[in-house]
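*Asks:* Let me give you the structure first, and then I'll get to my questions.
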Amino acid sequence: MFNNSRPSVSIKKNRYADHHADHHADHHADWTNLICSIACVFFFTAACGPIIAYHQTALDTPSRHVDNGMKFLQISKIDAAVLEFSRATELNPEYAPAYTGLGLAYGRMGDFTKGYEFIELATKKAQGYEQESAVKDARIQLDALKKNL
């Protein structure tokens, strides 16, 4: 004879197993979605974050390039100085010390026309006593260089 109670137990076990498997799959999918979401947020913010920009700009500032340019002028590496001062003007076209440096560099190369043009530009862009004083000193140096030729 056929026992009807057995299949119903088996069905209950299967229903429980199916429910447990579905719950486990849903739980697994939730964790997977959460991890993927966190990873996406991390990668998108890391790609746009200021950390990389900070490290790139820490050495790539107008004042740093002007300082480097002045050091190059002191050891008569005029072409390298011009590159440094030019980079400073690219980063900040209003930064007077960069034009002051260019004026001195071109004067050291003997191109006084260009040297005085940059000194004049620096005079117009100078902000504050320190920059104005540096431009005046550079003009005096340029005059002395021209006089000694």
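*Asks:* If you take the residues of segment 60-93 that are within 18 Å of GLU130 (Cβ to Cβ) and β-branched (Val, Ile, Thr), which of them is farthest from the chain's Cα centre (by Cα)?
*Replies:* So in segment 60-93, the residues within 18 Å of GLU130 (Cβ to Cβ) come out as 61-67, 69-70, 85, 88, 92.
The next check asks that each one be β-branched (Val, Ile, Thr); those that pass are 61, 66.
Details: THR61: 9, VAL66: 18 Å.
Among residues in segment 60-93 that are within 18 Å of GLU130 (Cβ to Cβ) and β-branched (Val, Ile, Thr), the one farthest from the chain's Cα centre (by Cα) is VAL66.
*Asks:* Grab the helices (runs of 4 or more DSSP H) fully contained in segment 51-144, keeping just those with 2 or more residues being modelled with pLDDT of 95 or more and exposed (fewer than 15 other Cβ atoms within 10 Å of the Cβ). If you could, list the steps in order and put the result at the bottom.
*Replies:* Working: elements: 62-74, 78-91, 96-108, 112-125.
Passing ranges, in order: 62-74, 78-91, 112-125.
*Asks:* Only residues in segment 108-137 that are touching a residue at least 40 places away in the same chain (Cβ under 8 Å) count as the first member; pair them with residues that are among the β-branched types (Val, Ile, Thr) and outside any helix (DSSP H, G or I), Cβ under 7 angstrom, at least 6 apart or cross-chain, and list the lot.
*Replies:* Listed by first residue and then by second, the contacts come to nothing, as the list is empty.
*Asks:* Residues of segment 91-114 being under 17 Å from GLN74 (Cα atoms) and among the small types (Gly, Ala, Ser), which ones?
*Replies:* ALA98, GLY101, GLY103, ALA105, GLY107, GLY110 - these are the residues of segment 91-114 that are under 17 Å from GLN74 (Cα atoms) and among the small types (Gly, Ala, Ser).
The values are calculated or read from the model by the stated rules, or taken from the named source; none is laboratory data. Keep in mind that this is a model prediction, so the values were computed, not measured. FYI the Cβ positions are ideal-geometry reconstructions off the backbone, even for glycines, and counts take in every protein chain you see.
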